[in-house]
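*Asks:* Here it is: the structure, laid out below.
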Amino acid sequence: MSDVAPTVHPAWLPAEAFGPLGRRHTLVHGTGLLVDTVVDEVARACARYGGTVRRAPAAVPVPAPTTAPPLPDTTPAPPVGGPDGDGDLLLALRDALALPAWARRLTGRADSPLGDEGFLLAGSDDRTLLLADTPAGLLYGLFHLVRLGRAAFDARPVECHRPALARRMLDHWDNVDVHPVSGQVERGYAGGSIFWRDGAARGDLARVREYGRLLAACGVNAVAVNNVNVHASGARLLTERLGDVAAIADVLRPYGVRVHLSVTFAAPVVLGGLPNADPLDAAVRAWWADATRRVYDRIPDFGGYVVKADSEGQPGPFTYGRDHADGANLLAATLAPFGGVVHWRAFVYDHRQDWRDRSTDRARAAFDHFAPLDGRFRDNVILQVKHGPIDFQVREPVSPVLAAMPATRLAVEVQVTQEYTGQQRHVCYLGPWWSEILGFAPWGPQGPTVADVAAGVASTRDGRAGAGGGRSAAAGGGLVGVSNVGDDPFWTGHPLAQANLYAFGRLAWDPGLDPVTVLDEWIRLTFPPATTGDPGLVRRTLHAVLGGSWWTYERYTAPLGVGFMVRPGHHYGPDVDGYEYTPWGTYHFADRDGVGVDRTRATGTGFTGQYPRPWSERYEDLHGCPDELLLFFHHVPYGHVLRSGRTVIQHIYDTHFAGVEQVEAMRGQWRRLAGLVDPALYARVSERLDEQRRCAAEWRDQVNSYFFRKSGVPDEHGRRIW
């Protein structure tokens, strides 16, 4: 049975989801910690649903002959809980046995390598086969069976599944101590940390174990357990508090999740007592080498470091006249002997700029800092690049850095926690947004995509295969998300925000998945038919509420890509001029004549020139720029006519009224589920939808009133504007 208290929502792993698996008679071949996990998961399901599981003893591999009659079925192993015989489900490591005749007939000559995490699935009318080359592949294959449900055991031809991205990682912005400003979790909207509480590690890690199960079930294989803004207590996790990190690693390891640690670049000073942290200083290098060796002595499968340097007050190599390649390579050199990596964040910009100076553009910063360093980073440096050039806005263009560094391993960073998309008080399913980002082709429609860059298979600046091209997924940087999990009973505060965490894992495994299909998977797992009063209505309602929620949120917040019209500090709710005169950047420059930021090469900041063709030309051209990004790239009159035929000012009015109406419709749709789903979950979602309606109306009224007062142009429909 689960170690989690019954008050914690099971998310996409309710017991009912294991029913089809738990009714099978299963034989498991293979050894290793993750195979142990597979056996345990199957045994738990069988104990509930009446199936059986037994584990074959380790066997000497027997190569299958290329020309000979099929080998006879393997001799039954002593039962672990079930009758003799192969059963109707075989889960096996491919080198752990000579396949029985029926399994060989199913697989034919499908003997190509499956990789470190891949698996093969095939089925006849009465038997199902799941093969993997490694224990991790077997674990992911098991959860694929759970995801498919009854359909997993239908007759099916051979299917080979391999992750497109080898690194699928979540960064927790969790503080060890409660920070006076950001709390226990910075930008966390689901309660406290599942790892830390009031300056100490949580003593009971049962919930962390369940978290590992959820991550493995959607494909995530790495986590960083503390905030990238490393405060004093978080810094000590590297040294005297390393045991706390090791305890978390021990709990997550059975689910194939490797632990990473955010570290401060100033660690040699604040922890080691050295006079400086200069990356070229021999004493500094020696200190890091010794600290890293001690980490691996305690956690042999440690993933590596995450670093935010020279950004928003965090220390970095600039202090010593060095650059980011110098800093990252220092840490990479200490990690390389152990197979570790350093995730070096590219979120570096001047947060003390003069708002009067329109030549300074925060959007340019990451490219300006990092593109000149391409080719200077060690192989085990992963440059972690936010998907957009600003800061996780509801709409912004893809970062040009992702097309500018062919000789550097790049990871794409997205924000699962909804800092700028409703903070998990608003329904905002981000799967469609991430899918759009991952499918974006920086060099044009025939070139590689952002997903290819993350996988390490995109190469040169014009998108042709070349230097660095053709690399395997292991050479890519992968996909990284800022976690949205906390100690809330529903994990993510808003129960429907679980869909974002699930979608992150699934799209990291396969960026080509349809986000609607992913949403359907999450619904089917989280609300299995046996637990709801009307499964069809539940499914239709959840699709209606979640499916278009990102576009709904966009409609009632910042228009046409302008972004950042939020209350400074907590970033929740509207404040149109909140950042307009601050040193943080991200302005909209609205005046009596128009709105938007001129980022063109001809008359603006030149940001459009950071993109390769065709996007540099398309963004530069006022009439070629996509409407949804118009105000990000251009300052235009309120009367500028969009492709829809509406003027910019009328678009602002119409979309903000429409967004509120859509939230009202979502509330009405959700009310149809009263009595059909878990009452506590129903009540929590209802409360959040009420808040979303209130906040959406506030956005509508503030934004519309602001632009009416700026422009003097009335709403052509005569609706009330304050």
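*Asks:* Using the Karplus curve 6.51 cos²θ - 1.76 cosθ + 1.60 with θ = phi - 60°, work out ³J(HN,Hα) for each residue of the range 582-593 in order, rounded to whole Hz, and write x for Gly and Pro.
*Replies:* With the stated coefficients, the range 582-593 comes to 9, x, 7, x, 6, 9, 10, 6, 5, 9, 6, 9 Hz.
*Asks:* What angle do you read, to the nearest 10 degrees and between 0 and 90, between the alpha-carbon axis of helix 648-671 and the longest principal axis of the chain?
*Replies:* 40
*Asks:* Let me ask something else about it. Bin width 10 Å, alpha-carbon pairs only: give the P(r) of the range 377-454 as whole percents, running from 0 to the bin holding the largest distance.
*Replies:* Values per bin, smallest distances first: 18, 48, 26, 7, 0.
*Asks:* Then there's this: Normalise the Debye intensity by I(0) for the range 613-675, one equal point scatterer per Cα, no solvent, then take log10 at q = 0.16, 0.18, 0.24, 0.28 Å⁻¹ and round to two decimals.
*Replies:* -0.64, -0.72, -0.97, -1.14
*Asks:* For Arg409, enumerate residues with amide H under 5 Å from its amide H, sequence gap 5+ or separate chain, H modeled in the peptide plane.
*Replies:* For Arg409, the qualifying residues are Leu383.
*Asks:* For the range 486-565, what does the relative contact order come out to in percent, with C-alpha contacts under 8 Å and a separation of six or more?
*Replies:* Here the relative contact order equals 18 percent.
*Asks:* If R0 is 30 Å, what FRET efficiency do you get for Arg671 and Arg709 from their C-beta distance, rounded to 0.05?
*Replies:* Step by step, r from the Cβ atoms, then E = 0.25.
*Asks:* Right, next: Calculate the dipole size of the range 502-575 relative to its Cα centre from +1 charges on Lys and Arg beta carbons and -1 charges on Asp and Glu beta carbons; express the result in debye to the nearest 20.
*Replies:* Using only the charged Cβ atoms, the result is roughly 140 debye.
*Asks:* Which of the listed residues, Ala201, Gly183, His231, is farthest toward the dipole's positive end in the range 170-245, when Lys, Arg count +1 and Asp, Glu count -1 at the beta-carbon?
*Replies:* My answer, from the dipole projection, is Ala201.
*Asks:* With every protein chain kept in the model, how would you rank His343, His161 by accessible area, 1.4 Å probe, largest at the top?
*Replies:* Order by accessible area, largest first: His161, His343.
*Asks:* Show that you can apply the helix-only estimate: for the chain, add -39,500 (n - 2.57) for every DSSP H stretch of four or more residues, divide by all residues, and state [θ] at 222 nm to the nearest 500.
*Replies:* -10000 deg cm²/dmol
*Asks:* Counting only protein heavy atoms and using a 1.4 Å probe, what share of the accessible area of the range 630-722 belongs to carbon plus sulfur, as a whole percent?
*Replies:* Its accessible area is 53 percent carbon and sulfur atoms.
*Asks:* Take Asp593 and Ser112, extend 7 Å from each Cα along the Cα→Cβ direction, and tell me the distance between the two endpoints in nm.
*Replies:* 6.0
*Asks:* Here's another thing I want to ask about it. Roughly how many nanometres apart are two label points built 7 Å out from the Cα toward the Cβ at Glu698 and Ser644?
*Replies:* Distance between label points: 2.5 nm.
*Asks:* Given a 1.4 Å probe and every protein chain left where it sits, what share in percent of the accessible area of the range 169-322 is carbon and sulfur?
*Replies:* Ligands and nucleic acids excluded, carbon and sulfur reach 51 percent.
*Asks:* On a 0 to 90° scale, report how tilted helix 535-546 is relative to the longest principal axis of the chain, with both axes built from alpha carbons and the result rounded to the nearest 10.
*Replies:* In the chain, helix 535-546 runs at an angle near 30 degrees to the longest axis.
*Asks:* Could you give the distance between the Cα centres of the range 485-517 and the range 294-338, to the whole Å?
*Replies:* Comparing the Cα centres of the range 485-517 and the range 294-338, I get a distance of 29 Å.
*Asks:* For the Cα atoms of the chain, what angle does the longest principal axis make with the long axis of helix 33-49, in degrees from 0 to 90, nearest 10?
*Replies:* Long axis of 33-49 versus the principal axis of the chain: about 80 degrees.
*Asks:* Among Ala98, Phe143, Trp509, which residue has its Cα furthest toward the positive end of the charge dipole of the chain, with +1 on Lys/Arg Cβ and -1 on Asp/Glu Cβ?
*Replies:* Checked the options; the winner is Ala98.
*Asks:* Between exposed GluC sites (Glu not before Pro) in the chain, where DSSP calls loop and at most 14 other Cβ atoms lie within 10 Å, what's the longest gap?
*Replies:* Looking at the chain, 313-715 is the longest stretch - no exposed GluC sites (Glu not before Pro) with at most 14 other Cβ atoms within 10 Å.
*Asks:* Let me ask another. Can you tell me the FRET efficiency between Ala475 and Arg150 if r is taken as the Cβ-Cβ distance and R0 is 30 Å, rounded to the nearest 0.05?
*Replies:* Approximately 0.20, to the nearest 0.05.
*Asks:* What FRET efficiency comes out for Asp514 versus His179 if R0 is 41 angstrom and r is the Cβ-Cβ distance? Round to the nearest 0.05.
*Replies:* Efficiency computed from Cβ-Cβ geometry: 0.55.
*Asks:* Taking only protein heavy atoms and a 1.4 Å probe, what accessible area per residue, in Å², does the chain have with all protein chains in place?
*Replies:* Spelled out: the 1.4 Å probe surface of the chain, per residue, equals 36 Å².
*Asks:* Run the Debye formula on the Cα coordinates of the chain, all scatterers equal and no solvent, and tell me log10 I(q)/I(0) at q = 0.12 1/Å.
*Replies:* Each listed q maps to, in turn, -1.42.
*Asks:* Could I ask something else about it? Rounding to the nearest 20 debye, state how big the charge dipole of the range 478-543 is about its Cα centre with +1 on each Lys and Arg Cβ and -1 on each Asp and Glu Cβ.
*Replies:* Magnitude of the dipole: close to 120 debye.
*Asks:* Please list the non-local residues whose amide H lies under 5 Å from the amide H of Leu170, H modeled 1.01 Å from N, same-chain partners needing a gap of 5 or more.
*Replies:* Those qualifying (amide H under 5 Å, at least 5 residues apart or on another chain) are Ala222, Val223, Ala224, Gly481.
*Asks:* What is the percent carbon and sulfur in the accessible area of the range 324-422, measuring with a 1.4 Å probe over the protein chains and ignoring ligands?
*Replies:* 46
*Asks:* Give me, ordered by chain and number, the residues 5 or more places off Trp196 or on other chains with an amide H under 5 Å from its own placed amide H.
*Replies:* When sequence neighbours closer than 5 places are left aside, the close amide H contacts are Arg202.
*Asks:* Tell me, what is the percent relative contact order of the chain, built from C-alpha pairs under 8 Å that lie six or more residues apart?
*Replies:* Value for the chain: 11 percent.
*Asks:* Quick one: dipole size for the range 551-645, taken about the Cα centre, charges +1 on Lys/Arg Cβ and -1 on Asp/Glu Cβ, in debye to the nearest 20.
*Replies:* Computed charge dipole of the range 551-645: roughly 180 debye.
*Asks:* For a label point 7 angstrom out from the Cα of Thr582 toward its Cβ, which stretches of the range 370-396 have the backbone nitrogen within less than 19 Å?
*Replies:* Only 388-396 fall inside the zone, counting backbone N under 19 Å.
The values are calculated or read from the model by the stated rules, or taken from the named source; none is laboratory data. Just so you know, these numbers come straight off a predicted model, no measurement behind them. No Cβ is skipped: glycine too gets one built from the backbone with ideal geometry, and neighbour counts run over all protein chains shown. Note: accessible area is taken over every heavy atom of the protein model, side chains too, but ligands, DNA and RNA are not part of it. Shrake-Rupley method; radii C 1.70, N 1.55, O 1.52, S 1.80 Å.
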